[in-house]
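Heads up, the thing below is written out as structure tokens.
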Amino acid sequence: MSAYFQDYLTVGVFAALGVMLVMMMLGVAAILRPHHPNPTKLMPYECGVDPVGSGWDQTHVRYYIFGLLFVIFDVEAIFVFPWAIMAEELGTFGLVAIIAFILTLLEGLAYAVKKGVLRWE
Amino acid sequence: MTLLENFWVLVALKALVIAAVVPLTALVLGYAELKISAHMQSRIGPYFAGGRWGWAQLIADGLKFFQKEDIIPDRADKAVFKMAPALVLMSTVALFVVIPFSPSLRVRDLDLGIFYVLAISSVSTIGVLMAGWSSGNKYSLMGGLRAAGQLIAYELPLVLAVVGAVIQAGTMSLNGIVEAQAAWGIPFVIPQFLGFVIFLIAVLAELTRIPFDMPIAESELVMGYVTEYSGFRFLFFFLAEYANMFAMSAIAATVFLGGYWAPGLSDAQLQYLGPIILVAKVFLLVFLFIWFRWTFPRLREDQLQSFAWKWLVPLSVLNIIATGIFKVVF
Amino acid sequence: MVIDHDQVRHLSEVAVSVELETPEMTLNIGPQHPSTHGVLRLVATVDGERVFDVKPVIGYMHRGYEKLAEVRTYPQITALINRIDWVSGYANEIPFIVAAERLMEIEVPERAQYIRLILTEMARIASHLVFNASYPLELGAATPLFFALRERERVLDLIEGVTGGRFHPNFNRIGGVKPNAGGGPTQRKVSQDLPKGFFEETRAAMERVLSVCDELEDLVAGNEIILARTKGIGVLPVEVGAAYGVSGPNLRASGVPFDLRRIESYLPYDRFDFDVVTAQNGDCWDRWWVRLEEIRQAARIVIQAIDGIPSGPLQAKVPRVIKVPQGEVYVRAENPKGEMGYHLISEGGQGPYRLKIRSASYSNISILPHILEGVLVPDIIAIMGSLDFVLGDVDR
Amino acid sequence: MTFEAWIAEPVNWVFIVVALAVVGTAVRVVTSQNVVHAVLFLVATLAGTAALFLILSAQFVAWVLVLVYIGAVIVLFLFGIMITRAPTGRGSGLDNDRKGVALVVSAALFVVLSWASLSAFGTTELTDLGEGTPTEVLGEALLGRFVIPFEIVGFVLLAALIGGITIARRDATPAEEEAR
Amino acid sequence: MTTSPSDVTELDAFAATIAEAVGGEARVAHGTAKVIVSAETWTEALATARDTFGLGYFSWLSAVDWTSDVAVGDPPAEGTSERIEVLCAVGDLDGRLVIFSTDLDHDEPRLASLVPLYPGANWHEREAAEMFGIVFEGHPQLEHLYLPEGFVGHPLRKSFPLLSREVKPWPGTVDVEDMRTPDEPSTENPEA
Amino acid sequence: MAILPGAGLLKGMKVTLKTLFTRPVTVNYPKVKEIPVPRARGVIALDQDACTVCMLCARSCPDWCIYIEGHKEEKQPDKPGGRVRVRATLDRFDIDYALCMYCGICVEVCPFDALFWTPEYEYSEGAMGDLMHDMDRLQDWLATVPEPPAVES
């Protein structure tokens, strides 16, 4: 098996380990813990009064626009990585190209700031 | 082929070690937090369990959780509710894969190292959102949404802050980054101080610790996305929080503070001193986190967003450009 | 291409008003909530993090003191009323006792008045320290809590040393302060004068209080995060506050020197040199700052009082069984939370015919629906906490 | 390469298992009665796809998938669900009667895509399977041969950003402008 | 010093001026100024107080149940006419305070609400309404404030019994012998 | 609003760091105890011999938590020819600490010095009913009554 596959098999094993830890510990605890459910206990907590509404009411996420910004800048950041490890080899041309790329997007951020998007209403 | 060279035996062994290390870090860091915070507040903190200094306090707490009832609210989305802590813990455990403890002691040295860390750590947010949404509780939902909002604000500075170090090291492998610092003779914190500060702030936000703990903000949202969790499921969030704190501090120490490397030590010495050096650096950072937590209040959601977008992102981009120019021109 | 700006604006408004509009959610804050200081319930109508409307629901702790007072004798009522605002229990007794004394037309000995004043100011320090402890906690900082409570312990120890009670001193008697009690098997009825060493201990404690004020100022006042969370938040204009009956530090933070210690004459405050602390903006920050500064002023008064305390009897001559002559009187005092007053109607019996208790927190939080309109959820806590209320004082 | 030879490779078993899981969760995404569940199945689908990329040696792309899609796009999806009037509770009916049409369209899409990729890469064999493409190669390609498209991507992202801001946000009223 | 404020005469004059302006009667005793007005002129009187005399600080509002029909406590000393007296204390920020008073019918007390004048009267009127059964006309939300929904009775009415005292016998009734000391009052329980 | 990490944050950190190296003020409670002041109202002690069953305390208690029963007893004269005295004897003297509000009125009104405050505080119970202290238990507390403190004049 190649080292590459070993790498990611290990990652897979560890991801599984996280889940297994949860299951194992819950399994052990299941033997010890009591189980006496009653309707009050199973009620969602709402500061001691009966819950109003469903708990799944829609809420106004005011930072939706931030989410949008984030996706776009995340993509940008990812494009920077392949350059970053090769910065020296790619030389001035690479540097100019990546700065042009970054500045293009910073312009977007500046636009967002100017438009007042980065404020909550 | 000896037994130890077999890949599966080796992976199983490492998995066992990490399975022990994760709860252990949570115990040690949790205890450190209890004691340090107590003394910062002129209290003596835990003193009963285990006799001296109450060293067994968290072990007793852990045992207590074994006999706690597992309550899943009847309004909850049960499948998602049960999955959420597993997902959070999974991403935490997976983080431990790449932490290099010495030149050879590590689980795996991934080629993409730091990039892998960033990707995996963003997964836990999905777990938090799941926990918040599935509880069927308003505080949880708001907490989950705040956690997600926080992630989108601070994931970016986190990603951008390491780019500078990657440029300097010319690799994304964590071992490679440490070796680059060793070869250079100074840790990256000195040339990349700005990057380091931004990374630390972003890590604090990622860990939802004060001053960025709006997702759990107990004075507003009771306990945020973990409000409905009890017993062991609650413990998993606790475990994940501290294990994550350890892992992220280790990553920060590796990328910016030279990891297992210390000046003046030979490779052979680093082989066995490495883990101690790394843990010492981790504790330094953890102490800093604890110190922040017990000194500062929390920001408001909108203030945090603007802080990230108006200061951290432009600053980290500037840092990248400056580092790039420095690297290419000089 | 020409962009039709009207068109764009129109589209975006549609997007905002139709798609992004969400149904309102009712969020309960309390009664069992970490930051409501007991059992207060706020029914908030929120949209995301924005609050439209807040309806406080009180009464979870209503104990009916006004009714209970109608069936009790005057000494028994004194024991009850220090439970109204338990954070500054001692200060609650004063206006009631003074009200009864005014109807009986009793002149209280000087020394007793000084002791009352010293303990009242200590109660004020204790109460404001609790505020300084809990307010940063509500903004997320846990440590100031312990610093403030650490020094409050010293003050409470002093109060306990004199009165025997930490929270509920029950130390005032009509005509003076508690003259005696079973003192011990060998020395029976002894005087309850200040215990030996009280003056030095008080002086030392006031030093500590002043130094913890500096510490709190370092921890909280300079903190940029606290400033961001409190400056300009929950601004309360004076006229609005007055129309709601808001009093005490909350009103002084808005800029008026409305301090009943200067206005009324229930205790000899006119002999002391102290500043009435006011601030200008009336926001959360100012309310915090006024209380911190008032601790310093109170410590100043205490030190002046122990320096100038006269000797003499502790109790005026009063009949063994107290009957208050017919009449009615309203006496109000500057309590740590604001105006605390008792409207006492006596028909000549051993107990009052009617006792109306005007408590400060009740009026102070009645302004919540007004002041919380349109704020963010985290600000609810910041503003509510800055009003410094005690549920016992609200519900009575 | 014969099917026997292909199936003899253990890595291809993994591929089959993961691919089946991806298809299964993808089906659940569209059949799920609850939007949030659908999104969570989408997470699983994306994770499976990332695993497929890993098998195909494209490790950078795989983690990009995790970072951008699971870490960012999914969060955006969940936000979107929460701010629109989409029902998020349990068992809220999401069905409609246009399943047939959708099935035909997606089948057609599948055929077209399969045909396109088969005709383009059908005979290409991955020679360095199990090696893991070094990211350096990506960097060289991106800033070398593909530098023009790379810069264009920057502009496309900028356009997306400005478009998003314009649509999702109304301009401040003069009064608000004043207050700023 | 504690028995009377120093500026009694000034207070006397102030109360008299107000009483004259609102057509009421002023009574000052023990440093407390009280202006008695009729129920019809209630809102006018307070509007005058607020606008003409600058009494913009709303201190409190409450009521007294004057009756000889008492379930607990002592009845008034020399009998009284049955009525509900509403008291409202308003002041200014310089320290003057005047208590306005008006008498209402004992069985069906009604009074105009002060909420439009003083928003702070909201809770005080709600409290008075549930405790005494007064109807405040024009109040925006005359619901229970302290008492649970569906509570029957008005607790601060003198005829309302105190349950805790009804269910438990008074421990002081047990008597071995008459140990009354000369200055001790009759063993009448002051609370029963 | 933008926040730059500034001097204020560092100032606060200095305070907490300084406290980290000072002695804590709390004590290790069951092992170390803080001594309450002599006047502290912890629990009420009863001197049975001094009590004359006058009921003053029970009558003046605001929440009726004192229960007293007694009977008359004839006491023969010490020396022959003396008068036969009638003496009230205590049968029951209970204080219900679940109800008591520690106001101290009973101690104050007692004309015969039969009741005393003592600062003892460790008498919490698992069940509310156990907080009813009978006369023997109250008598036991008498040993813990401290000397009154000296006073300032």
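Every residue in region F:101-116 that is closer than 15 Å to C:Gly164 by Cα and not in a strand (DSSP E or B), please.
Answer for region F:101-116, where residues must be closer than 15 Å to C:Gly164 by Cα and not in a strand (DSSP E or B): F:Met101, F:Tyr102, F:Cys103, F:Gly104, F:Ile105, F:Cys106, F:Val107, F:Glu108.
Would region B:183-202 turn up any residue that is within 14 Å of chain C (Cβ to nearest Cβ) and either open to solvent by 20 Å² or more (accessible area, probe 1.4 Å) or under 19 Å from the mean Cα position of the chain (by Cα) (or both)? Even if it seems obvious, please write down each step before you answer.
Here is the first cut: in region B:183-202, the residues within 14 Å of chain C (Cβ to nearest Cβ) are B:201.
Applying the additional criterion that residues be either open to solvent by 20 Å² or more (accessible area, probe 1.4 Å) or under 19 Å from the mean Cα position of the chain (by Cα) (or both) yields B:201.
Among the residues of region B:183-202, at least one is within 14 Å of chain C (Cβ to nearest Cβ) and either open to solvent by 20 Å² or more (accessible area, probe 1.4 Å) or under 19 Å from the mean Cα position of the chain (by Cα) (or both), which makes the answer yes.
For region B:36-81, enumerate the residues that are assigned to a helix (DSSP H, G or I) and within 14 Å of chain C (Cβ to nearest Cβ).
Once the filter is applied, which keeps residues that are assigned to a helix (DSSP H, G or I) and within 14 Å of chain C (Cβ to nearest Cβ), region B:36-81 yields B:Ile36, B:Ser37, B:Ala38, B:His39, B:Met40.
Quick check: is even one residue across region B:11-30 over 30 Å from B:Gln271 (Cα atoms), open to solvent by 50 Å² or more (accessible area, probe 1.4 Å) and more than 7 Å from every other protein chain (Cβ to nearest Cβ)?
Kept after step one, since they are over 30 Å from B:Gln271 (Cα atoms), are these residues of region B:11-30: none.
The answer is no; no qualifying residue exists.
For D:Gln59, which of the numbered conditions (1) more than 10 Å from chain B (Cβ to nearest Cβ); (2) surrounded by 22 or more Cβ atoms within 10 Å (Cβ to Cβ) fails to hold?
Among (1) more than 10 Å from chain B (Cβ to nearest Cβ); (2) surrounded by 22 or more Cβ atoms within 10 Å (Cβ to Cβ), the lone unmet condition for D:Gln59 is (1).
Testing D:Gly164 on (1) at pLDDT 75 or above; (2) in a loop (DSSP other than H, G, I, E, B), one condition comes back false. Which one is that?
In the conditions (1) at pLDDT 75 or above; (2) in a loop (DSSP other than H, G, I, E, B), D:Gly164 misses (2) alone.
Inside region A:86-102, can you point out the residues that are modelled with pLDDT of 80 or more, facing chain D (nearest Cβ under 7 Å) and either farther than 17 Å from B:Ser316 by Cα or surrounded by fewer than 22 Cβ atoms within 10 Å (Cβ to Cβ) (or both)?
Hits for region A:86-102 are A:Ala97, A:Ala100.
Can you tell me which residue is nearest to A:Gly12 (Cα to Cα) among those in region B:40-59 that are crowded, with 19+ Cβ neighbours inside 10 Å and touching a Leu at 6+ places or on another chain (Cβ under 9 Å)?
Top of the filtered list is B:Leu58.
When the residues of region C:262-306 are filtered to those that are hydroxyl-bearing (Ser, Thr, Tyr) and assigned to a loop (DSSP other than H, G, I, E, B), which remaining residue is least open to solvent (accessible area, probe 1.4 Å)?
Residues of region C:262-306 that are hydroxyl-bearing (Ser, Thr, Tyr), as a first pass: C:265-266, C:269, C:278.
This time we only want the ones that are assigned to a loop (DSSP other than H, G, I, E, B), so: C:265-266, C:278.
Working: C:Ser265: 19, C:Tyr266: 3, C:Thr278: 45 Å².
By that ranking, first place goes to C:Tyr266.
Give region C:317-345 a look and list any residue that's open to solvent by less than 20 Å² (accessible area, probe 1.4 Å) and farther than 30 Å from C:His128 by Cβ, or say none. Let's see the steps before the verdict.
First, the residues of region C:317-345 that are open to solvent by less than 20 Å² (accessible area, probe 1.4 Å): C:324, C:329-345.
Selection gives C:Val324, C:Ile345.
Kindly provide the set of residues from region F:16-49 that are out of contact with any helix residue (DSSP H, G or I) (no Cβ under 8 Å at 6 or more places or on another chain) and surrounded by 15 or more Cβ atoms within 10 Å (Cβ to Cβ), ordered by number.
Those that are out of contact with any helix residue (DSSP H, G or I) (no Cβ under 8 Å at 6 or more places or on another chain) and surrounded by 15 or more Cβ atoms within 10 Å (Cβ to Cβ): F:Thr26, F:Pro38, F:Arg41, F:Gly42.
Looking at B:Phe66, is it at pLDDT below 80, farther than 27 Å from B:Leu13 by Cα and either open to solvent by 10 Å² or more (accessible area, probe 1.4 Å) or touching an Asp or Glu at 6+ places or on another chain (Cβ under 9 Å) (or both)? Can you show your working first?
Details: at pLDDT below 80: yes; farther than 27 Å from B:Leu13 by Cα: no; either open to solvent by 10 Å² or more (accessible area, probe 1.4 Å) or touching an Asp or Glu at 6+ places or on another chain (Cβ under 9 Å) (or both): yes.
So B:Phe66 does not fit the description; no.
Condition first: more than 14 Å from the chain's Cα centre (by Cα) and either open to solvent by 30 Å² or more (accessible area, probe 1.4 Å) or modelled with pLDDT of 85 or more (or both). Now tell me which residues in region F:105-133 satisfy that.
Initial filter on region F:105-133 (more than 14 Å from the chain's Cα centre (by Cα)): F:109-113, F:125-130.
Within region F:105-133, F:Val109, F:Pro111, F:Phe112, F:Glu125, F:Gly126, F:Ala127, F:Met128, F:Gly129, F:Asp130 qualify.
Which residues, counting only those in region C:108-167, are small (Gly, Ala, Ser), outside any helix (DSSP H, G or I) and under 20 Å from C:Ala221 (Cα atoms)?
Looking only at region C:108-167, we keep the residues that are small (Gly, Ala, Ser), and these are C:112, C:123, C:126-127, C:133-134, C:140-142, C:148, C:161, C:164-165.
With the extra rule that they be outside any helix (DSSP H, G or I), the set shrinks to C:140-142, C:164-165.
Passing the criteria: C:Gly140, C:Ala141, C:Ala142.
If I ask for residues that are among the hydrophobic types (A, V, I, L, M, F, W, C), part of a loop (DSSP other than H, G, I, E, B) and either touching a strand residue (DSSP E or B) at 6+ places or on another chain (Cβ under 7 Å) or open to solvent by 10 Å² or more (accessible area, probe 1.4 Å) (or both), which ones from region E:31-90 would you list? It would help to see each step written out before you state the result.
Looking only at region E:31-90, we keep the residues that are among the hydrophobic types (A, V, I, L, M, F, W, C), and these are E:33, E:35-37, E:39, E:42, E:45-47, E:49, E:53, E:55, E:58, E:60-61, E:63-64, E:66, E:70-72, E:77, E:84, E:86-90.
After this cut, where a residue has to be part of a loop (DSSP other than H, G, I, E, B) as well, the list is E:37, E:53, E:55, E:70-72, E:77.
Across region E:31-90, the qualifying residues are E:Val37, E:Phe53, E:Leu55, E:Val70, E:Ala71, E:Ala77.
Restricting to region B:92-106, name every residue that is over 12 Å from the mean Cα position of the chain (by Cα) and either within 13 Å of B:Met248 (Cα to Cα) or open to solvent by 10 Å² or more (accessible area, probe 1.4 Å) (or both).
Residues of region B:92-106 over 12 Å from the mean Cα position of the chain (by Cα): B:97-98, B:100-106.
If the condition is that a residue be over 12 Å from the mean Cα position of the chain (by Cα) and either within 13 Å of B:Met248 (Cα to Cα) or open to solvent by 10 Å² or more (accessible area, probe 1.4 Å) (or both), then B:Val97, B:Val98, B:Pro100, B:Phe101, B:Pro103, B:Ser104, B:Leu105, B:Arg106 are the ones that fit.
Residues in region D:73-81: is at least one more than 17 Å from the chain's Cα centre (by Cα) and over 27 Å from D:Lys99 (Cβ atoms)?
There is at least one residue in region D:73-81 that is more than 17 Å from the chain's Cα centre (by Cα) and over 27 Å from D:Lys99 (Cβ atoms).
Against the definition (within 30 Å of B:Gln181 (Cα to Cα), touching a residue at least 12 places away in the same chain (Cβ under 8 Å), aliphatic (A, V, I, L, M) and part of a helix (DSSP H, G or I)), how does B:Ala250 come out, yes or no?
On the way: within 30 Å of B:Gln181 (Cα to Cα): yes; touching a residue at least 12 places away in the same chain (Cβ under 8 Å): yes; aliphatic (A, V, I, L, M): yes; part of a helix (DSSP H, G or I): yes.
Yes.
For region B:107-128, name all the residues that are touching a residue at least 60 places away in the same chain (Cβ under 8 Å), within 7 Å of another protein chain (Cβ to nearest Cβ) and either closer than 19 Å to B:Phe256 by Cβ or within 20 Å of the chain's Cα centre (by Cα) (or both). Don't jump to the end; show me each part of the working.
Looking only at region B:107-128, we keep the residues that are touching a residue at least 60 places away in the same chain (Cβ under 8 Å), and these are B:107, B:109-114, B:117, B:121, B:124, B:128.
From the residues that got through so far, the ones that are within 7 Å of another protein chain (Cβ to nearest Cβ) too are B:107, B:110-112.
The answer is B:Val107, B:Leu110, B:Leu112.
For C:Leu42, which of the numbered conditions (1) open to solvent by 20 Å² or more (accessible area, probe 1.4 Å); (2) in contact with a Gly (Cβ under 7 Å, 6 or more places away or on another chain); (3) more than 15 Å from C:Met340 (Cα to Cα) fails to hold?
Evaluating C:Leu42 over (1) open to solvent by 20 Å² or more (accessible area, probe 1.4 Å); (2) in contact with a Gly (Cβ under 7 Å, 6 or more places away or on another chain); (3) more than 15 Å from C:Met340 (Cα to Cα) leaves (1) as the failure.
Could you go through region B:93-102 and let me know if any residue there is closer than 22 Å to B:Asp302 by Cα and either among the hydrophobic types (A, V, I, L, M, F, W, C) or part of a helix (DSSP H, G or I) (or both). Spell out the reasoning first.
Step one: of region B:93-102, the residues closer than 22 Å to B:Asp302 by Cα are none.
No - not one qualifying residue is present in region B:93-102.
Read through the list (1) surrounded by 12 or more Cβ atoms within 10 Å (Cβ to Cβ); (2) within 9 Å of another protein chain (Cβ to nearest Cβ); (3) basic (Lys, Arg), then give the number of the only condition that F:Lys75 fails.
Here F:Lys75 meets the rest and fails (2).
Considering only residues of region B:60-87 that are free of Cβ contacts under 8 Å to residues at least 60 places away in the same chain and touching a Leu at 6+ places or on another chain (Cβ under 7 Å), which is nearest to B:Ile36 (Cα to Cα)?
Here the answer is B:Gln67.
Which one is modelled with the lowest pLDDT among residues in region A:31-53 that are in contact with a helix residue (DSSP H, G or I) (Cβ under 9 Å, 6 or more places away or on another chain) and either open to solvent by less than 70 Å² (accessible area, probe 1.4 Å) or closer than 23 Å to B:Ser219 by Cβ (or both)?
A:Gly53
Just one of C:Pro369, C:Pro378, C:Pro352 is part of a helix (DSSP H, G or I) and open to solvent by less than 10 Å² (accessible area, probe 1.4 Å); which is it? Reasoning before the result, please.
On the way: C:Pro369 fails: open to solvent by less than 10 Å² (accessible area, probe 1.4 Å); C:Pro352 fails: part of a helix (DSSP H, G or I).
Going through C:Pro369, C:Pro378, C:Pro352 in turn, just one is part of a helix (DSSP H, G or I) and open to solvent by less than 10 Å² (accessible area, probe 1.4 Å): C:Pro378.
So F:Pro24 passes all but one of these: (1) in contact (Cβ under 8 Å) with a residue 60 or more places away in the chain; (2) of a type outside the set (A, V, I, L, M, F, W, C); (3) more than 27 Å from C:Pro169 (Cα to Cα). Which condition number does it fail?
For F:Pro24, the failing item is (1).
The values are calculated or read from the model by the stated rules, or taken from the named source; none is laboratory data. Owing to the predicted nature of the structure, the values given are computational and were not obtained by experimental measurement. Please note: Cβ atoms are built from the backbone with ideal geometry, for glycine as well, and neighbour counts cover all protein chains shown. SASA here: full protein model, heavy atoms, side chains in, ligands and nucleic acids out. Shrake-Rupley method; radii C 1.70, N 1.55, O 1.52, S 1.80 Å.
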